[in-house]
Amino acid sequence: MKRIAAWLLCLALAVLCAQAAAEQDVGTEKNRTTLKIAAASDLHVNPAFRYTNIVNPLEPYHLQIVDAFLWDAVNRGADVVLLLGDITNQGRMSQHEALIEKLRAAQKQGVTVIVLPGNHDIGEVSTDQFAELYTDFGYGQAHSRDAASLSYSVVLGNQMLLLLDTNGYAELMSDAFLKDETLLWMQQQLEEAGKMGWQVIAAGHYPLCTSHSTAFSGKEKAIELFRAYGVQLYLCGHLHKRCVTVQGALTELVVDQTISYPCCYASLTADGVDGLVYQPQPIAVSEWAGQHKIADQNLLLFDHYQRRLEQERCCSIVEKLKGSQKISEEEQRLAEDFFFQMMEYRAQGTLSRYADALRQHPGCEIMIRLGEGTIYSRWIPSVLNDAVPYTTGFVIRDGQIALPGEDGM
């Protein structure tokens, strides 16, 4: 009887241990929830838009593009819509209210919306009013708020979104900076994330790493903190064009201006451990227009429409640079062809594949010569030199970045 009792006790203990291990595995898997993020930037919402001094030829349709983006993100199963600043054009209350109406409609579809301010967003509204306006879109869900800025963190499953207010509107107008108090708060958040085993995705409006970013106070310290605490991805906007910069184990992704050609947003998947997958996602504007019974042919044939406008914009820039300079029609045509190709490949993220060929394009030298004395003479070589393959998409794992499908990734 004693042997039977001992055997039964051992069996019971084995069952309990197996159950505990199974429960631990389940708990671990729950902590590793995959998070799908749709990140957009520089929406510049302005319901009172007027057709004057248009920089972005798609601006007359920017409200429809914002609607299409939110619909597309929800339709593709995003868990989070993340807006990376300059969500309004001048920070007017009417602009914030118009955007919030759209965000509420998206949130009713089950997506979490999280916003960050940009240098265009604090105008008629104060910093306190901004946080109050967007209580339902990040600030009310904050895990922690920085007392010195509009920075905050949100914890979703096993991920922490570290959301940085990089704007200098309060003291230096539109110049960016990160206060010492904010940097200390950042360090505290990163320390907590490390103790809890949370995967950290950092975000702000201003870029930190790209050569096209502006120098500002606190930038280098922020990069040091990211490196020290193993942050692998920083998302931002402001430049209005996609850009990927890799500094060691840290990758910075500058997200497209979502309302300008080619109307993309960043689709990100985080596995809650160390894996991150990015791909640029074109907005299905034509599909959205068809689903919503919109008769406007420009929206129904949007890809063709926006490409034509981009080509016209490039030709217009060449014409302005030419000014009174005497060049042949053939030279002008070559400059236009080169510039449109460069801008199209850049928008598509494929510029690194064609950079060498573009340097040999006869229109390259003509375009640089036409731009002498302007930003274009320096900017064109810089853009070609900075092109990297990761703008078509990337995978980050264990601090290593690779193209999707590469061996071991």
> Within the stretch 317-337, can you find the residues that are part of a loop (DSSP other than H, G, I, E, B) and either open to solvent by less than 50 Å² (accessible area, probe 1.4 Å) or under 16 Å from Thr374 (Cβ atoms) (or both)?
Replying inline: Gly323, Ser324, Gln325, Ile327
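Given the structure, is Tyr261 closer than 25 Å to Leu384 by Cα, in contact with a strand residue (DSSP E or B) (Cβ under 7 Å, 6 or more places away or on another chain) and either in contact (Cβ under 8 Å) with a residue 60 or more places away in the chain or open to solvent by less than 10 Å² (accessible area, probe 1.4 Å) (or both)?
Answer is no for this residue.
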> Do you know which residues across the stretch 338-381 are among the small types (Gly, Ala, Ser), surrounded by fewer than 19 Cβ atoms within 10 Å (Cβ to Cβ) and over 21 Å from Tyr261 (Cα atoms)?
Replying inline: Ala357, Gly373, Ser377
>> I'm told Asp79 meets every condition in (1) open to solvent by 10 Å² or more (accessible area, probe 1.4 Å); (2) over 17 Å from the mean Cα position of the chain (by Cα) except one. Can you identify the failing condition by its number?
In response: (2)
>> Go through (1) modelled with pLDDT under 95; (2) touching a helix residue (DSSP H, G or I) at 6+ places or on another chain (Cβ under 7 Å); (3) hydrophobic (A, V, I, L, M, F, W, C); (4) within 24 Å of Cys263 (Cα to Cα) for Val125 and report which single condition fails.
In response: (4)
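The rows are residues; the columns are (1) aromatic (Phe, Trp, Tyr); (2) surrounded by 15 or more Cβ atoms within 10 Å (Cβ to Cβ); (3) modelled with pLDDT of 95 or more.
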position: Asp25; (1), (2), (3): no, no, no
position: Arg32; (1), (2), (3): no, yes, no
position: Lys36; (1), (2), (3): no, yes, yes
position: Arg50; (1), (2), (3): no, no, no
position: Ile54; (1), (2), (3): no, no, no
position: Pro60; (1), (2), (3): no, no, no
position: Val66; (1), (2), (3): no, yes, yes
position: Leu70; (1), (2), (3): no, yes, yes
position: Val74; (1), (2), (3): no, yes, yes
>> Let me spell it out: the conditions are (1) open to solvent by less than 40 Å² (accessible area, probe 1.4 Å); (2) at pLDDT 95 or above, and Asp136 meets all of them except one. Which number is the exception?
In response: (1)
> What is the one condition in (1) closer than 23 Å to Asp274 by Cα; (2) of a type in the set (A, V, I, L, M, F, W, C); (3) surrounded by fewer than 18 Cβ atoms within 10 Å (Cβ to Cβ) that Val231 does not satisfy?
Replying inline: (3)
> Hey, Gly405 hits all of (1) open to solvent by 60 Å² or more (accessible area, probe 1.4 Å); (2) over 24 Å from Leu233 (Cβ atoms); (3) small (Gly, Ala, Ser) but one; which does it fall short on?
Replying inline: (2)
> Does the stretch 139-159 hold any residues that are part of a loop (DSSP other than H, G, I, E, B), open to solvent by 20 Å² or more (accessible area, probe 1.4 Å) and within 16 Å of Lys179 (Cα to Cα), and which are they?
Replying inline: Ala147, Ala148, Ser149
> Which condition number does Val113 fail, the rest of (1) surrounded by fewer than 21 Cβ atoms within 10 Å (Cβ to Cβ); (2) closer than 17 Å to Ile37 by Cα being met?
Replying inline: (1)
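Just to verify a result, which residue in the stretch 179-217, among those that are of a type in the set (S, T, N, Q) and in a helix (DSSP H, G or I), is surrounded by the most Cβ atoms within 10 Å (Cβ to Cβ)?
As a first pass, look at the stretch 179-217 and keep what is of a type in the set (S, T, N, Q): 182, 187-189, 199, 210-211, 213-214, 217.
Filter once more, keeping what is in a helix (DSSP H, G or I): 182, 187-189.
Values: Thr182: 22, Gln187: 16, Gln188: 13, Gln189: 25.
Top of the filtered list is Gln189.
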> For the stretch 265-286, what are the residues that are under 20 Å from Leu63 (Cβ atoms) and in contact (Cβ under 8 Å) with a residue 24 or more places away in the chain?
Replying inline: Tyr265, Gln281, Ile283, Ala284, Val285
> If you go through the stretch 76-126, how many residues are over 23 Å from Asp271 (Cα atoms), touching a Leu at 6+ places or on another chain (Cβ under 8 Å) and assigned to a loop (DSSP other than H, G, I, E, B)?
Replying inline: 6
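The values are calculated or read from the model by the stated rules, or taken from the named source; none is laboratory data. Just so it is clear, the model here is predicted, and its values are computed rather than measured. So basically every Cβ, Gly included, is an ideal-geometry build from the backbone, and we count neighbours across all protein chains shown. Side chains are part of the model used for accessible areas, which takes the heavy atoms of the whole protein and leaves out ligands, DNA and RNA. Shrake-Rupley method; radii C 1.70, N 1.55, O 1.52, S 1.80 Å.
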